[in-house]
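Asker: My questions all concern the structure below.
The values are calculated or read from the model by the stated rules, or taken from the named source; none is laboratory data. Because the structure is a prediction, the values reported are computed rather than measured. Positions of Cβ are generated from backbone atoms using ideal geometry, with glycine treated the same way; all protein chains shown enter the neighbour counts. Ligands, DNA and RNA are stripped out before the accessible areas are found, and what is left, the full protein with its side chains, is counted by its heavy atoms. Shrake-Rupley method; radii C 1.70, N 1.55, O 1.52, S 1.80 Å.
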Amino acid sequence: MTFPNGFLWGASTAAHQVEGNNVSSDWWLREHGHAPSPSPIESPSGDAADSYHRYPEDMRMLADAGLTSYRFSIEWARIEPEKGCVSLAQLDHYRRMVDTARDLGLTPMVTLHHFTNPAWFAREVGWHSPRAVDLFGRFTETALPVLTDVELVCTINEPNMVAIMANSEERDAFLSGGLPSGHPVVTENLIGAHRVSSSILRSAGKQAGWSVATQAYQAEPGFEGAAAEHGRSREDVFLDAAAGDDWIGIQAYTRTKIGADGPVPIPAGAERTLTGWEYYPGALEFGIRRSWERNGVPVYVTENGIATADDARRIDYTAGALEGVERALADGIDVRGYLHWSALDNYEWGSFRPTFGLIGWDPETFERSPKPSLAWLGGVARRNALR
Ligand code: BGC
């Protein structure tokens, strides 16, 4: 089958994971021991992939391969490094990124918040405070000049993971394997911030949505109720909050089975990726269907991929995930694009070891090397068909 006309084929990144030297962010402080971290940090982000300077080359590689879209985030900590102090030069920088994407024929999708906060925001406000809602609205307004030629704007990336990470009371559970539930106050503030930001964006003629991390919570027989309960604060409340949005971003990597004691350990023989997650391409179809059933909102796959050193497994995984997208489309689900995670190997929140990229790079020279999976996905994009 072919995908619908105009279906977007792209790849995603996040500023902090590829740009390098995001020194005014809360993550940078954490990486250097100046702020508490919920999980151990193996290495700091440093120069990351130096995509702050090399983005034209990165985007060109995606476009040359045949892709038609690039999702990237703009960094609040660079644009507003101190409260109320806005850097026009940084706004220009991101504006140039949008222009570069357009010049290369890539439809830009811009994320306003991808996990990192300005250090001042984390110190003085934080997502526990209702003041976060207005401050994020104000940042959205500040960012509008970057978005002049952008239609698709993602307000907040994986708000459910932000709420989960904020649930400090349950951090021990996180470290021992299962994800804690979403922090209720943080959840409420994130939803509030999304609403305020979306309405500003919509008034400016943009299509606004947010992207949710789906975990394919699958019930062991007899534990359907437990699985539903488990998914509620970790996922469903965020999918439900998207009702009425222009679109929703679905992000999927693996599944979690739920049994008598909650999450069931991954069986000993199962294939695992470099993040330790079960290799499970079916996660994407599961996430798309769950979202569609709950909110009926058009879907962009904003992240899907695999951390592996074996690029053939990346191709296999992605083909498996796309077969699921084909089935969803055949059932009438409005899926409008597939953006792979990630364009580049990147800083995986504490370590560079899990490599998700379609493009690798030399840690000393930053020289890029496209992997066979980039040409493969570009071929899918050119055909607008998996095979
Ligand atoms: C995030 C990315 C991350 C990826 C793989 C998503 O949770 O949005 O920042 O690198 O998954 O872990």
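Asker: Find all pairs meeting these conditions: Cβ atoms under 7 angstrom apart; at least six residues apart or on different chains; first residue within region 27-41 and over 10 Å from W349 (Cα atoms); second residue open to solvent by 60 Å² or more (accessible area, probe 1.4 Å) and at pLDDT below 95.
Answerer: Here the result reads P38/R171, each pair linking region 27-41 to a residue that is open to solvent by 60 Å² or more (accessible area, probe 1.4 Å) and at pLDDT below 95.
Asker: What are the residues in region 189-221 that are hydroxyl-bearing (S, T, Y) and open to solvent by 10 Å² or more (accessible area, probe 1.4 Å), if any?
Answerer: S199, S203, Y217
Asker: Residues of region 198-247 being of a type in the set (A, V, I, L, M) and in contact with a Leu (Cβ under 7 Å, 6 or more places away or on another chain), which ones?
Answerer: A204, A208, V212
Asker: Restricting the search to region 35-77, which residues are part of a loop (DSSP other than H, G, I, E, B), acidic (D, E) and closer than 24 Å to V150 by Cα?
Answerer: Of everything in region 35-77, those that are part of a loop (DSSP other than H, G, I, E, B), acidic (D, E) and closer than 24 Å to V150 by Cα turn out to be D50, E75.
Asker: Still on this model: Name the residues in region 272-284 that are open to solvent by less than 30 Å² (accessible area, probe 1.4 Å) and not in a loop (DSSP other than H, G, I, E, B), would you? Can you show your working first?
Answerer: Taking region 272-284 first, the residues open to solvent by less than 30 Å² (accessible area, probe 1.4 Å) are 273, 276, 278, 281-284.
Of everything in region 272-284, those that are open to solvent by less than 30 Å² (accessible area, probe 1.4 Å) and not in a loop (DSSP other than H, G, I, E, B) turn out to be E278, A283, L284.
Asker: Would you say R71 is open to solvent by 30 Å² or more (accessible area, probe 1.4 Å) and among the basic types (K, R)?
Answerer: Values: open to solvent by 30 Å² or more (accessible area, probe 1.4 Å): no; among the basic types (K, R): yes.
So R71 fails the test.
Asker: Residues being of a type in the set (G, A, S) and within 18 Å of the chain's Cα centre (by Cα): count how many of those fall in region 308-367.
Answerer: So the answer is 7.
Asker: Being more than 18 Å from the chain's Cα centre (by Cα), closer than 17 Å to H16 by Cα and modelled with pLDDT of 95 or more is true for just one of S73, S51, S37, S43. Which residue is that? Outline the logic, then answer.
Answerer: Working: S73 fails: more than 18 Å from the chain's Cα centre (by Cα); S51 fails: more than 18 Å from the chain's Cα centre (by Cα); S37 fails: modelled with pLDDT of 95 or more.
On inspection, the qualifying residue turns out to be S43.
Asker: Condition (residue is assigned to a loop (DSSP other than H, G, I, E, B) and either open to solvent by 50 Å² or more (accessible area, probe 1.4 Å) or touching a Ser or Thr at 6+ places or on another chain (Cβ under 9 Å) (or both)) applied to region 222-232: is it met by at least one residue?
Answerer: yes
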